[in-house]
Amino acid sequence: MGLYYGGFMKIPLNAYVKHLNTITRILTDAPRKILVFATMATVFVSFYAGSTLKIDSSRNELIDSQAPFRQTYDAFQEAFPVFRKTIIVAVEAESGFETAEATRILHDRLKERSDLFASVFSPSADPFFRDHALLYLDRAQLEGVLERLVEAQGALSSMATDPTLRGLFSLLEMAFDAYSRGEASPQTFMKLMDQVSLTGERLLNGEKGDLEWSDFFAEGEFGPTLQIIVIQAREDFSHLISGRSAIDAIRQTAAELNLTPENGVSVTLTGNVPLAYEEMRAVGQSVGLAGFLSMVFLAIILGFGIRSLRIIVAILITLTVGLAWTLGWAMASVGALNLVSATFAVLFIGLGVDFAVHLALRYQEAIEHGESNCEALNVAAISTGGAVSLCGLTSAIGFLSFIPTSYRGVADLGIIAGGGMFIALIASFVVLFAFLAIFGPPTGRAAGASFVEATGRLFHRIAHHARLISVLAFGVLSGSALIAVQAQFDFSTLTLKDQDSESITTLIRLQDEGIVTDYAVNILAPGRAAIPDIEKRLRALQTVRDVQTPDNYVPQDQDYKLELLEEATFLLWPALSAEPSPEGLSPQQRLEAVDGLMDALSSLTFRQGDQDFKRSAERLYGVLESIRHKAGAAEALDDLEQRLTANVSQPLDFLRTALQVDAVLFDDLPQSVRSRVVTSDGRVRIVGLPVEDMTDFEAMKRFVKDVTREFPDATGRPILEAGVGEIVVEAFVTAIAIALTAITFLLLITVRRVSDTLIILVPLLMASCLTIATSVIIGIPLNQANIIVLPLVMGLGVDNGIHMVMRFREDGSMENLLKSSTPRAIILSTLTTVAAFGALSLSIHQGIRSMGLLLTISMGYLLVCTILVLPAMLYWRARSMAGRNSGLANGSD
């Protein structure tokens, strides 16, 4: 074997080869025992992993708690614990009263679940805000509401006294009489006619729906149609993904209360917990889909490349066993998977198969050369085991380089996947060799002859243009490096999520409506006296749309509004003090009321220009006629009366309280409100809301930069994510430096030639620069998920070079190398890796999709560089050495 074999130093190599030879003998002597032991270990580890598997969906736990921005954020949450683990429930219905009622009953029911929710808060469900609702309207809104109420005073009095079909229809008949006497068509009563018609049409169609008197009198201004409940969830360890119990409980409660789209009510969720939960669920679905597809693609590629069912089965079993062992290692080493480390399974499939492929093809090559089964396994171990082991070490370095960083997300991935590379290496020797020792050599036809012929033609052309290819390679490396330095990092976590998910669409909707956003900044003022100055400075920032202070919770212009309410109370008092008749209508009285209204409608003579009034009257007449002549008309009219009068008392009850309130001071606010803006020691929370959409990371960068320049101690999710981004970038640079330094050092002490080390590293550097340059060109910024690509490429990209250079040294020439199994193994292992990473690019999670896409691109570049640039450099160097040797020989003559 010469001084050293395959590039290893003499003493380490001899000892290592002796160990491989010993292990192979043990495996071939007792393969069944080995497989039984491996099976038992797999079953045990799988049970252990399944029973301890946990997934942490919190992003806050992925970073160092000692980081200054993290400490500021934690201090804010310590001051206002109600903002930890928040869930924002958005409730929407057709009218403000429907929304308020739905919000109230959902709020009250959720407050009963103290086992899941530490606090449940909704302004619209709080009696204080309901009683003072008119004071919280702006001037124009309040004037409009009161004007319509005064105009409808007669209707209010009539319905308050007689809340039946008779009272309602008598009210309409009086309006028709006024019209017949020449008065203008009353717009308010046209709206009431249309509402009665709509309610009757719903009855005829079997649909639900009552007449909303609040909308008739105030056009929905008693409350918005979109309202929220803010919930603080408790820690949840009962499910695989944290937060699921709270989210399921909210959805189940809403369904039990019939707060569903079918009943005209929409209940959607956003906030920290739903955003993290949906993202983690998307990650799980993405990894599951990618894992399945990668195994399918892997089987297809191996089928075309190896053409031996026995070897393919052996490889797939080895891979499955290694994956189970790695999952057990993950639970034992880090305890829980996170948003980044959850991808280890697909990465393992793409990378762990490489070792088995190289060993299996070297074994197949030995069988084709006439070696016995046991001897072929020994040849594979001795000939390829050194290169495979070195590649396992370099691949592990690519992952392990993340461990010293302060970004726990990738540090955990480094621990899991780094250990997984060693596990894959062990499984490749133990399980693969034991399986082949039991079931014997493959019986399928060889797949290498045509491949050797094809690669022979390719490498002949490469040899002819070796110098040109090498020079062009350095030019491409320089050009791509210039483009790569323009790469940007997107620190926003929103861009990683499914933009069509409920939590994202709800967050955007609430932000657009100006109701609430999880992406605002918070500033703690030392006391109330500091509010004006901070508010003024915040409002001066171009990226800040609005500023919220404790004063926002106190009604403005109260003196003026209280005067209006006092006047309205005097004018509306007859209606508000009226007592309803205790007697209901009999079926006959309902029929008479309907007949009377139909007669009044049929006798109307419409004036020119009153087409809208005419259409409303004809519509109402048609609806009443259909109900009047419907089978079971008496029951239908009873149902109609219930639908038309069920809510008539709501606006009256509301007005009796809302018109007679006193002025409100901050200290009058409920404790549930004050505790959200002022701490027990008097510090005050001031909120800055962004102008732009926070799903755009450039907009978020502008917002964070603008605010932190003026307020360095500001905090909030945008600032937290920006800080995480800085840590991730720092981790990225650290990991690359560690990986490149460690791999270069390892190559120097094993390959022992600077020229060979450079030849192995150049394709690696080319693929890295080309990958980042491509991301710049096609517009894929680096993010918290795909930033792991470059350090991984450092660890993985060197593998192909190691195999090529070490086999070249073993065989002594490029011609012999081309006839070996190594080129085919390189292409097959790269294609299987591309297949696994390509499956990741089909993920629904944007971050994992971009990771898979960049990894696929990088492996494609690695393959091209390995089969094109690396051989060219070997040819060029060989010719240069031959020329120098020839010159030396001629000189000696």
| query | Just from the alpha-carbon atoms, what are the Rg and Dmax of region 734-788 in angstroms? | reply | 13.9, 41
| remark: Residues whose modelled amide H sits under 5 Å from the amide H of Val678, counting only those 5 or more places away in sequence or on another chain, are Arg685
| task | Compute the signed sum of charges (Lys and Arg +1, Asp and Glu -1) over the other residues within less than 13 Å, Cβ to Cβ, of Ser157. | result | -3
| Under 14 Å Cα-Cα from Lys701, which aspartates and glutamates qualify once same-chain neighbours fewer than 8 residues away are excluded? | Asp490, Glu692, Asp693, Glu721, Glu726
| What's the percent breakdown of Cα-Cα distances in region 463-592 across 5 Å bins, shortest bin first? | 2, 6, 7, 8, 8, 8, 8, 7, 7, 8, 6, 6, 5, 3, 2, 2, 2, 2, 2, 2, 1, 0
| Solvent-accessible heavy-atom area per residue, rounded to whole Å², over the chain at 1.4 Å | 42 Å²
| request: Taking every pair of Cα atoms in region 285-387, average 1/r, invert it to obtain the Kirkwood radius, and report Rg/Rh to two decimals. | output: 1.05
| Considering only the other residues whose Cβ falls under 13 Å of the Cβ of Ile534, what net charge follows from Lys and Arg at +1 and Asp and Glu at -1? | +1
| message | At 1.4 Å probe size, with the rest of the protein present, what percent of the exposed accessible area of the chain is carbon and sulfur atoms? | response | 57 percent
| query | For the chain, which span is the longest to avoid every loop-located (per DSSP) member of trypsin sites (Lys or Arg not before Pro) having at most 10 other Cβ atoms inside 10 Å? | reply | 446-893
| remark: If amide H atoms are modeled at 1.01 Å from N in the peptide plane, then the residues at a separation of 5 or more from Val265, or on another chain, having amide H under 5 Å from its own are Thr260
| Derived scalar couplings ³J(HN,Hα) [region 417-429; Karplus, 6.51 cos²θ - 1.76 cosθ + 1.60; whole Hz; x for Gly, Pro] | 6, x, x, x, 5, 5, 5, 4, 5, 5, 4, 5, 6
| request: Return the percentage of antiparallel bridges among DSSP beta bridges fully within the chain, rounded to the nearest 5 %. | output: 90 percent
| request: Can you grab the distance from the C-alpha centre of region 630-648 to the C-alpha centre of region 117-177, Å, no decimals? | output: 22 Å
| task | Report the local net charge at Ala79: Lys and Arg +1, Asp and Glu -1, summed over other residues whose C-beta lies under 12 Å from its C-beta. | result | +1
| query | Rounded if a/c is under 1.5, else prolate if a/b beats b/c, else oblate: with a ≥ b ≥ c from the C-alpha gyration tensor eigenvalues square-rooted, which is region 521-644? | reply | prolate
| note | Normalised per residue, the volume inside the convex hull of the alpha-carbon atoms of the chain in Å³ amounts to 230 Å³
| request: Place +1 on the Cβ of every Lys and Arg and -1 on the Cβ of every Asp and Glu in the chain, take the dipole about the Cα centre, and give the residue among Gly167, Ile306, Ser114 whose Cα lies farthest towards its positive end. | output: Ile306
| Inter-part distance where region 265-286 and region 65-90 are each reduced to a Cα centre, Å | 19 Å
| query | Taking the Cα centre of region 126-214 as the origin, how large is its charge dipole in debye, to the nearest 20, when only Lys and Arg (+1) and Asp and Glu (-1) carry charge on their Cβ atoms? | reply | 100 debye
| task | Using Cα pairs closer than 8 Å and at least 6 residues apart in sequence, work out the relative contact order for the chain, in percent. | result | 24 percent
| task | Using the structure shown, list the pairs from Lys111/Lys561; Lys85/Lys497; Lys85/Lys536; Lys497/Lys536; Lys85/Lys705 with a Cα-Cα distance above 28 Å, or answer none. | result | Lys111/Lys561; Lys85/Lys536; Lys497/Lys536
| remark: Simple SL model, points at 7 angstrom along Cα→Cβ for Glu183 and Thr569; separation in nm is 2.9 nm
| Quick one: putting +1 on the C-beta of Lys and Arg, -1 on the C-beta of Asp and Glu, what dipole do you get for the chain around its Cα centre, in Debye to the nearest 20? | 6720 debye
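The values are calculated or read from the model by the stated rules, or taken from the named source; none is laboratory data. Remember, it's a predicted structure, so these values are computed and weren't measured experimentally. FYI the Cβ positions are ideal-geometry reconstructions off the backbone, even for glycines, and counts take in every protein chain you see. Heads up: the accessible areas ignore ligands, DNA and RNA and are worked out on the full protein's heavy atoms, side chains in. Shrake-Rupley method; radii C 1.70, N 1.55, O 1.52, S 1.80 Å.
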